[in-house]
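One structure below.
The values are calculated or read from the model by the stated rules, or taken from the named source; none is laboratory data. Given the structure is predicted, the values throughout are model-derived calculations rather than measurements. Methodologically, a virtual Cβ is constructed for each residue, glycine included, from the backbone with ideal geometry; neighbour enumeration extends over all protein chains shown. Areas reflect the complete protein model, heavy atoms only, side chains present, ligands, DNA and RNA absent. Shrake-Rupley method; radii C 1.70, N 1.55, O 1.52, S 1.80 Å.
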Amino acid sequence: MGIYCPSFSKVNVGLKILKQRDDGYHNIYTLFQKLDFGDELLLEKMENGCLITSNVDWIPTDKSNICYKAYNALKTLYPALGGICIQIKKKVPIGSGLGGGSANGAAVLKELNNLYDLGLSILELEKIGASVGADVSFFIRGGTQLGEGIGNKLTPLPNPISGIYLLVIPNIFINTSWAYTELGKKLKFDTKVPNFRGFLNEDNSSYKFEIFENDFERIVIPAYPEIGTIKQKLLELGARFASLSGSGSTVFGIFDDDTLVTKAESFFQTSYQTILANPA
């Protein structure tokens, strides 16, 4: 009998790309917000190895799968670790900027820690997560966190970015490597960053969303004008904030009003995949 293991998603509320590092990655400055929408994983112990199956054919089930990498990271630390069978029911689209794969990797790390009584702390799991994939560390703890470094230097924040999140997912796959390369041609990477943390210490009702922008929009919107149109329409339909998540292609709007968000979803769902989610 397998153990049901939820896996979540995230949006970036504001994403500043800073200078490129010696290892080829870029430092970033962002607010991660976990959402209650995501994939479903079923984990079951087996004698040895890692066996992955899925309801979709577009994710790898071999060693390149992030869940396998998560298993391998723990197996390296604990050579006597038993095996695991992982069934992945995918709901988060690929290339959508919602962190579905990273969330899967984090879910596997946490559940293996429980199943095999490894006794690893949250901090230890976050450190292992950083070696598995860029956003895996964030999903170990989830919630609302300030992300720095390559997204692995995390500061948990006390209050979620409240509201109803409407995710609009166009049928566009955006390659993150392409996005960084193109951005590198256009941006002078500075070290000045807005005070995202100070923003969150304020009363929830007085959010100053104007300090938030996603640097990727500068190259993604000109390349894919449809994304800019979706963002603009979300704002026209009553979102108090709308943005690309990560390098896209998901555009999200944050609404305060049930009626407005329902109306907005019905507008978009004839042309796009739409998801309603809450901060988690």
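Of note:
- Given 186/233; 34/127; 75/110; 10/153, the pairs whose alpha carbons are separated by over 23 Å: 186/233
- Portion, in percent, of the accessible area of the chain that falls on carbon or sulfur, probe 1.4 Å: 51 percent
- Crossing angle, helix 176-186 versus the chain [Cα axis fit, 0-90 degrees, rounded to tens]: 40 degrees
- For residue 214, nonlocal amide neighbours, meaning residues 5 or more places apart or on other chains whose placed amide H falls under 5 Å from its own, are 15.
- Segment 11-73 and segment 85-110 have Cα centres spaced 6 Å apart.
- Protein heavy-atom accessible surface, 1.4 Å probe, per residue over the chain: 46 Å².
- Accessible surface ranking for 211, 275, 1.4 angstrom probe, highest first: 211, 275.
- In the chain, Rg over Rh equals 0.97, where Rg is the alpha-carbon radius of gyration and Rh the Kirkwood radius from pairwise Cα distances.
- Phi-based couplings in Hz for segment 32-44 (Karplus 6.51, -1.76, 1.60; Gly and Pro marked x): 8, 10, 6, 10, 7, 9, x, 7, 10, 10, 10, 10, 9
- Computed over neighbours whose Cβ is under 10 Å from that of residue 14, the net charge equals -1, Lys and Arg +1, Asp and Glu -1.
- Charge tally in the Cβ shell below 12 Å around residue 2, where Lys, Arg are +1 and Asp, Glu are -1, residue 2 excluded: -1
- Eligible aspartates and glutamates near residue 91 by straight Cα distance, threshold 20 Å, same-chain separation 8 or greater: 36, 39, 40, 57, 62, 111, 135, 265
- Structure-based [θ]222 nm, the chain - -39500 (n - 2.57) summed over DSSP H runs of at least 4, per residue, nearest 500: -9500 deg cm²/dmol
- Taking a sphere under 12 Å around the Cβ of residue 70 and counting the other residues whose Cβ falls inside, with K and R at +1 and D and E at -1, yields a net charge of +3.
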